[in-house]
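Beneath this line is the structure, given in structure tokens, with notes to follow.
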Amino acid sequence: MTKPPTTVTDYEVLVVGAGFSGLHLLHRLRGAGHLVHVVEQAPEVGGTWYWNRYPGARCDVESVDYSYSWDEDLQQEWDWTEKYPAQGDILAYLKHVADRFDLRKDIDFNTTLTGAEWDESQGLWTATADDGRIYRARYLLMAVGCLSVPKDIDLPGFDKFAGPVLRTYDWPEGEDLKGRTVGVIGTGSTGAQVIPALSETVGDLTVIQRTPNFVIPTRNRPLHDGELEEIKADYADRRVRNRSHPAGVFRSDNEKNAFDVDAQERYATFQERWEGGGINFLGSFADLMFDQAANDAVAEFVHAKIDEIVDDPATAASLKPRSYPLGAKRPVIATDYYETYNKDNVHLVDVKRNPLDTFTEKGFRLADGTEYAIDTMVLATGFDAFTGPFTKMDIRGTDGRSLAQVWNREGARTQLGFGAAGFPNMIIVAGVGSPSVLANMVTAIEQHVEWISRLLDTMREEGYTKIEAQESAQEAWAQTVEDVAAMTLWPNGDSGSWYRGANVEGKVQLFMPYAAGIVEYGNAIDKSAENDYEGFVLS
Ligand code: N01
């Protein structure tokens with residue numbers, strides 16, 4: 001393909017990404033009179049929800065909460081049909097938002113930025129797309145998602161495998177692998193959704209599991225007659241309640257600790273929440289993420305459920321997580337996950353017990369010599385979380401400093417999640433050091449977009465053109481993020497969680513999300529703004 005001639009386009013604000021963050025930024029900043037433009041690598045809006053089209057993909061935050069709150073007409077006119085939204089429903093919603101607010105005209109689709117360089121003398125970022133187009137902008141807003149770059153394949157001998165390989169991350173539309181002999185690697189949130197869905201269509205399904213997860217039933221259902229109307233009548237208050245909960249979505253959390261009650265009440269509480277399904281299960285007791293004994297109690301409850309559901313005792317034993325607290329790895333919410341292992345066409349291979357020796361041309365072999373024949377492999381192996389979209393680009397800040405080099409060498413640190421020292425005017429949405437993935441992402445994103453738009457309005461009004469995170473403030477915030485995580489059980493055990501970058505070989509391990517939640521975080525970022533953006537230098 002011949003490259004188009006190099007064009008240079010100037011904007012005040014260049015937003016990278018047209019998912020929930022980028023679309024909201026575009027609407028809000030454009031509305032405030034900023035000259036803003038978006039680049040998006042996909043041919044369509046949606047971000048995460050454009051790419052992750054694998055069978056069974058669904059969000060585990062309720063539909064009515066996993067949506068924008070900033071336009072009353074929008075939230076009144078959009079009709080969700082199920083309690084939890086399927087990928088296609090969320091994508092349809094975001095396409096509707098793009099059309100309704102005429103956002104597409106300011107988005108360049110099929111545009112992948114390969115690098116961006118800060119020009120100190122002009123106070124501008126120059127970003128280059130893979131087709132040679134050049135964008136110049138005063139502000140570079142990174143709305144690139146926390147889980148948007150799949151981690152590299154790190155499976156022994158994988159290049160020997162000659163059959164088709166599908167990644168859940170960019171699943172071909174409508175592919176259901178009907179009748180095929182399929183292997184799935186990965187039993188995280190994605191694996192736990194794609195495995196039950198594929199078991200319905202494929203001929204034979206072999207699941208390769210390394211670390212088992214605690215899987216809570218979703219209990220998705222259609223919204224009842226009148227339920228949506230009732231929610232809509234209360235929408236404004238519902239959004240306020242969501243903002244008042246650390247998780248960015250209101251949960252009726254039990255205020256009691258697990259051992260404030262006797263064994264019977266403890267069991268009944270877990271059972272009631274298990275039957276209710278979803279993330280509410282984590283609100284069973286106040287101390288589940290703080291007290292090991294409380295966590296042991298909930299783990300024991302889930303273990304008993306696995307024994308109850310799964311027919312084969314050896315499979316049940318393999319499915320029980322034992323080496324880390326529930327919650328230290330992102331809890332998995334899925335439908336019929338454990339039940340799926342009772343199907344005749346589904347087999348679990350526990351590679352902690354019998355390690356994976358190598359992939360072969362026609363499948364894989366375990367350490368004890370057992371061979372498995374597979375015709376199609378599915379990778380649900382996770383993401384280079386938070387930092388992947390940054391380190392895969394060549395981002396150069398002051399004096400040519402490379403963001404990838406700094407973050408790969410020292411780990412990713414930011415001031416309040418928004419900016420990194422040495423990279424002026426690069427502003428991050430839901431980045432390292434923000435609650436993001438530990439909250440309802442949409443609420444967390446809205447909090448960020450509001451702060452960023454207030455910042456840019458203030459800078460324009462007061463004649464500032466440059467903002468940069470202070471190194472000392474960034475260090476202090478990174479320490480706060482670690483300290484808060486250390487008060488919980490999140491960092492405990494050998495979960496290998498992407499929360500700390502432990503899933504990617506060689507990645508510097510730091511706890512990346514801010515675990516105190518959106519309320520504390522909102523206080524911290526508002527305090528900074530009110531104190532002339534304390535922790536940043538404006539000039
Ligand atoms: O990724 P993961 P994910 N050999 O990293 C295995 C969100 N999400 O895409 O644990 C063998 O959690 C790995 O094993 P191990 C949600 O925030 C939300 O599933 O490293 N196995 C693990 O089992 C979630 O947390 C929703 O031992 C290997 C799996 O691959 C986040 O996205 C739905 C391996 C990766 O699990 C990421 O979830 C989907 C190897 N070499 C996603 N490498 C909902 O809202 C990796 N694995 C419902």
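When you go through Leu205, Leu166, Leu140, Leu177 one by one, which is the residue that is within 16 Å of the ligand (Cβ to nearest atom), open to solvent by less than 10 Å² (accessible area, probe 1.4 Å) and either in contact (Cβ under 8 Å) with a residue 24 or more places away in the chain or not in a loop (DSSP other than H, G, I, E, B) (or both)?
Every option except Leu205 fails the conditions.
Could you list, in sequence order, all residues of segment 59-87 that are open to solvent by 40 Å² or more (accessible area, probe 1.4 Å), outside any loop (DSSP other than H, G, I, E, B) and within 30 Å of Gly188 (Cα to Cα)?
Glu82
Hey, among the residues in segment 426-451 that are among the hydrophobic types (A, V, I, L, M, F, W, C) and under 15 Å from Glu520 (Cβ atoms), which one's farthest from the ligand (Cβ to nearest atom)?
Trp451
Got at least one residue in segment 41-57 being open to solvent by less than 40 Å² (accessible area, probe 1.4 Å), polar (S, T, N, Q), within 30 Å of Leu124 (Cα to Cα) and not in a loop (DSSP other than H, G, I, E, B)?
no
May I ask you to list the residues in segment 72-109 that are over 30 Å from Gly277 (Cβ atoms) and either in contact (Cβ under 8 Å) with a residue 12 or more places away in the chain or small (Gly, Ala, Ser) (or both)?
Ala98, Arg100, Phe101, Leu103, Arg104, Asp106, Ile107, Asp108, Phe109
Kindly establish whether Ser472 is buried (at least 22 other Cβ atoms within 10 Å of the Cβ) and either assigned to a helix (DSSP H, G or I) or within 16 Å of the ligand (Cβ to nearest atom) (or both).
For Ser472, the condition - buried (at least 22 other Cβ atoms within 10 Å of the Cβ) and either assigned to a helix (DSSP H, G or I) or within 16 Å of the ligand (Cβ to nearest atom) (or both) - is not met.
Matching residues to (1) modelled with pLDDT of 95 or more; (2) on the phi > 0 side of the Ramachandran plot; (3) of a type in the set (Lys, Arg); (4) part of a strand (DSSP E or B):
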{"position": "Gly327", "(1), (2), (3), (4)": "no, yes, no, no"}
{"position": "Arg330", "(1), (2), (3), (4)": "no, no, yes, no"}
{"position": "Glu339", "(1), (2), (3), (4)": "yes, no, no, no"}
{"position": "Lys343", "(1), (2), (3), (4)": "yes, no, yes, no"}
{"position": "Tyr372", "(1), (2), (3), (4)": "yes, no, no, yes"}
{"position": "Ile395", "(1), (2), (3), (4)": "yes, no, no, yes"}
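Among residues belonging to segment 298-348 that are of a type in the set (D, E, K, R) and open to solvent by less than 50 Å² (accessible area, probe 1.4 Å), point out the one that is farthest from the chain's Cα centre (by Cα).
Per the criteria, the residue is Lys305.
Is there a residue in segment 375-391 that is open to solvent by 20 Å² or more (accessible area, probe 1.4 Å), at pLDDT 95 or above and of a type in the set (A, V, I, L, M)?
No, the conditions are met nowhere in segment 375-391.
Just to be sure I understand, how many residues within segment 482-503 are within 14 Å of the ligand (Cβ to nearest atom) and surrounded by 21 or more Cβ atoms within 10 Å (Cβ to Cβ)?
Here the count works out to 8.
The values are calculated or read from the model by the stated rules, or taken from the named source; none is laboratory data. Note that the structure is a prediction, hence the values are computed from the model and not measured. Positions of Cβ are backbone-derived with ideal geometry, glycine not excepted, and every protein chain shown enters the neighbour counts. Side chains included, ligands, DNA and RNA excluded: accessible areas come from the protein's heavy atoms. Shrake-Rupley method; radii C 1.70, N 1.55, O 1.52, S 1.80 Å.
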